[in-house]
Amino acid sequence: MTNKTKILSAVACLVASAAISMANEAAAASAGAAALMADQSALSEQKNWETKVSLGYELNSGNSESESLSGAISTEKNLGVWRLDAKAEGAYKESTTKDADGKKVDEQTEGNAKAKADLKRLFGSFFVYAGEEISHDAIADVKYRSITSLGIGVFLWDQPEFRFPISVGLAYVTEEAPEKDDYLALRFTEETTWQVNANLKLWQKFEFIPEVSEFDNILINGEVGGETKLTETLSLTIKYVVEYDAEADKEDDSIETTDSKFVTQISYTF
C-alpha cells in the first residue's frame, strides 16, 4: 500500500469516526430535548386549570314559579395527592310567589348566589377534606348561610372514566334564614361521575346535613345532570337540582321546605 493510500485511508477513518460521533451526540441531544419538552409539557399541564364559564336558563318551582338567567364559573384540578373543586354561581329571577293569604304575587325580581370550595388530601383511595359553602337565596328568605365542613372519605372507585367518592364529617352552619342561628351538624355526601365517552359526561350528587342536637333540622341537596360537547371548547349542560330545608317554614308558613330547579347552560371551557 502506498503512502498516499495509507493517508487517504486514515483520513477516511477519521471522517467516519467523526461522523459516527456527531450522529451519536445529535441523537443524544435530540433525546434529551424530547425528554425536556415532555417534562415541560407535563409541568405545563399540571399548571393548567380546567376552568368553565357557563350561562344559561333556569325553570324553578317550590317557593317560586320563576324563570331565571343564570351564570356560573367553576374550576377543578388534580394536584398529585391534592384535589380541588371550586364553584361560584348565581341567578337573576323574575318570579311569581305566594303571599301570606296564599295568593300569587307576580313579577318579583329576586336573585340567589352560591360559592363553594372543596379540598381533598388523598391517602391512597382514602382522603380527608375541608369545605366551605356560602349562599344567599332571596326567595327562600335565606339572607345568608355558611357551611364549614371537615371530614374523611373514600373513593370506592377512582378512575378517569368513573369516580365514586363517599364521605362523612362535621359541619358548622351559620345562617340568617330568616332568623339568625348557628349549630353543629353531621355531613354525609356521595357523588358519582361517569365519563361515558369523549363527548358525554353524566353525574349525580347527594348531600345530607342534620343538626347534631336537633336531628329534625336537616339540609338536603341533590343533583343529577349531564354534559355533552358541542365543540372542543363549548358544551351543553342540563341538570336537575333539589334543595330541602326542614325548618324553612318554621317562621313563615308561606315558605316551602323544598326548592327545585331545572337548569340548561352553555359552557365554555379553557
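Quick notes on this one:
- Computed lengthening from Thr148 to Glu132, 0.36 nm per intervening residue step minus Cα-Cα distance: 5.3 nm
- The stretch 103-224 - percent of accessible surface contributed by carbon and sulfur, probe 1.4 Å: 62 percent
- Whole-number D in µm²/s for the stretch 116-210 (Stokes-Einstein; Kirkwood sum over Cα pairs; 10 °C, 1.306 mPa s): 108 µm²/s
- For the stretch 123-172, the alpha-carbon radius of gyration amounts to 1.52 times the rule-of-thumb value 2.2 N^0.38 Å expected for a compact globular protein.
- Extension gain (nm, one decimal) between Trp203 and Phe215, 0.36 nm per residue minus Cα-Cα: 1.5 nm
- Rh by Kirkwood over Cα pairs, then Stokes-Einstein D for the stretch 111-270 at 1.306 mPa s and 10 °C, µm²/s: 93 µm²/s
- On the beta carbon distance between Thr75 and Val196, with R0 = 25 Å, the FRET formula returns roughly 0.65.
- Rounded accessible area of Thr269 (nearest 10 Å², 1.4 Å probe): 40 Å²
- Extension gain, Arg163-Leu59: 0.36 nm per intervening residue step, less the Cα-Cα distance, totals 34.5 nm.
The values are calculated or read from the model by the stated rules, or taken from the named source; none is laboratory data. In this text, all values refer to a predicted model and were calculated from it rather than measured experimentally. Here the Cβ is made from the backbone with ideal geometry for all residues, glycine too, and neighbour counts use every protein chain on show. To get the accessible areas, we keep the full protein, side chains included, count just its heavy atoms, and leave off ligands, DNA and RNA. Shrake-Rupley method; radii C 1.70, N 1.55, O 1.52, S 1.80 Å.
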